[in-house]
Amino acid sequence: MDKIVFEIHAKTTGYVGFGFSPNGDMRYSDMVIGWVRDNGMVELKDRHTLGERVTPIIDHKQDYHLDVGLEEDGWTILRFWRLLDTCDPPYDMKIDDGTMRLIWSMHHEDPTSETDLPYHGGNRGSRSVQLLSQNTKTVNLPADALHLDITLTNVSVPGDSTTYWCQAFKLPKYKKKHHVIGLEANIQPGNEDVVHHVILYACFHEINDSANIDGYAKACYRPNLPENLSLCQSLVFGWANGAEPFYYPSNAGMPIGPGSGFKYIWMEVHWNNPWHQTGRFDTSGMRLTVTPTLRQYDVTVLEVGTMSFNHLVVIPPHAPAFISTGVCAGGCLKEAMRKSGVTGGIKVIGMLMHAHITTTSIVVRHFRNGVELPAISRDDHYDFNFQEMRYLKKEVAILPGDDIAVECTRDTTSRQNITWGSIESRAEMCLAYIAYYPKLKMSQCKSAPRTKDLLSIAGVTEVETEIYQLQGEINVLEPEIWKGRHFTDILSTEVDWTNATVRDEFQRITKNADRISTCRQFPLTFKKFDDKFLPPFNYSDAIQQNTPDNCP
């Protein structure tokens, strides 16, 4: 497929605007505007907008082509087509299988000329979609399929802007192993505006039923969380705002019941409440479609990307496109495959990419022997409010020793202070949840630049031992005048982030810094700072800088 057809039905007899935006509003957008004149003639022009509020400019190269245009019973109907890639940057956006932000507008009057369009006012909107979605498919469920709902117990939503709430669930006692073949959100009607994401973690360790944790519910990251629950860190599925139901391929399913390795689930619900509303209650959660008829392979999820806790992600302010990356080192994957008895590698079937509100794009890169292969997944117009587990066009094989890099681009031009890594929406993360088979004995594979390298931007030459980095307690030893100061304090106050040259140098340092790396395995173990798990190559040097396209 090299072209796409659109048909618009708008309740107006004036003009209709439609297009694609990099940011969700009219600035710097690719648009087409059309209307039907009183004599039945149709006007349709390919246009673009700049940063100012002015009439959209007519493109020199017209890439939208009219099929049908008419007015009928007070409605304007336009059908037109364009190539997915018109080779007309920067005025036309390439349509791909990532997130596309659609925008539209209309007015009740026809323009008096092509260059004199009356302002649409509030008659406008936007929505993020996947135009080339692989997720919309007809699924024929087996006759023995059943639903398992995992939902909160009518919890009061706090008035805080960001809350992570968790609840423990003991799964039904199945007599034999089952497969989960589909998952979808089960959001309480009316709470769609506050429920941002839901994540299910499996508890892959022995929990005695006498511990009475079934139904335990508290803020997720509170101190003194029972150890039985703090160890439940193996993600089995994640949903976020905007996601559609997800079904595994016909040859694979996620194991549940005897042989799955877990009988308790720890569910995390993220409420995003910037209005600080109170008096609301929530029973949201997930619905699992389960079958006792087993499929050929067990599916699970691997979390890869950046280690975001304790300020291990550092993004300077005033940056239009700052890149931070987490690498899943080939040593981690190779060791996990060896321990799991998987010799031929794994097959990736889907991907959920996750970051926060400064992130504009995410790409999951794939390397073999220091050479970059085609990206596993990418979203050049990432939208924090539109995240979902997305099918790949075709399964991707990851072999022992392959390296995976999750690369996030951030826009912090509106910020005056550093954006740190953390769980809050205004902080940042850079993660990919990879759905794959066959199952490995590993749940997480992440890394972060060493803080001592990042501090070099401020002239720091010596810090306390790196092991303190887990607690975020890196203190400076040299230069003497800063001795004892914390690294967050120095990066916040001793660096001129308004200087573009300084930001560029920090970008270089971030890309080329030594890395600490973690590999969390089943049953849960934590490999800390082990050099054999560090990336054996410099990913920034291996990236293919010139991606070929079909344009002259």
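Worth pointing out:
- Degrees separating the helix 500-512 axis from the principal Cα axis of the chain, which is the longest one: 50 degrees
- For peptides 110-116, 492-498, 353-359, 301-307, sequence by mean Cβ density within 10 Å, most packed first: 301-307, 353-359, 492-498, 110-116
- Using a probe of 1.4 angstrom and keeping all protein chains present, the accessible surface of the chain works out to 44 square angstrom per residue.
- If you wrap the tightest convex hull around every Cα atom of segment 174-232 and split its volume per residue, you get 145 Å³.
- Taking the alpha carbon gyration tensor of the chain, multiplying each eigenvalue by 5 and rooting it gives semi-axes of 41, 31, 24 Å, largest first.
- Entry note, the chain: relative contact order of 14 percent, from Cα contacts under 8 Å with a spacing of 6+ residues.
- Between amide H atoms placed 1.01 Å from N, distances below 5 Å from residue 516 occur with 448, 450, all of them 5 or more places distant or on a separate chain.
- When both bridge partners sit in the chain, DSSP labels roughly 95% of those beta bridges antiparallel.
- Sequence-ordered 3J(HN,Hα) estimates for segment 455-461 from the Karplus curve with 6.51, -1.76 and 1.60 and θ = phi - 60° stand at 5, 5, 4, 9, x, 6, 10 Hz, glycine and proline given as x.
- Working note: Karplus 6.51/-1.76/1.60 with θ = phi - 60° gives segment 12-22 the couplings 6, 10, x, 8, 10, x, 8, x, 10, 10, x Hz, where Gly and Pro are set to x.
- Centre-to-centre separation between the Cα atoms of segment 222-280 and those of segment 444-465: 32 Å.
- Tail beyond 22 Å, pair distance distribution of segment 268-399 (Cα, percent): 55 percent
- Solvent-accessible surface (1.4 Å probe) assigned to residue 476 amounts to roughly 0 Å².
- In terms of its C-alpha gyration tensor, segment 257-332 comes out oblate, because a/c is 1.5 or above while a/b does not outweigh b/c.
- Residue-by-residue Karplus 3J(HN,Hα) for segment 449-454, coefficients 6.51, -1.76, 1.60, Hz, glycine and proline x: x, 5, 4, 4, 6, 4
- Applying a DSSP loop filter and a limit of 16 other Cβ atoms within 10 Å to the trypsin sites (Lys or Arg not before Pro) in segment 353-435 leaves 426.
The values are calculated or read from the model by the stated rules, or taken from the named source; none is laboratory data. Source: prediction; values computed, not measured. Cβ atoms come from the backbone with ideal geometry, glycine included; neighbour counts cover every protein chain shown. Surface areas here come from the heavy atoms of the whole protein model, side chains and all, with no ligands, DNA or RNA. Shrake-Rupley method; radii C 1.70, N 1.55, O 1.52, S 1.80 Å.
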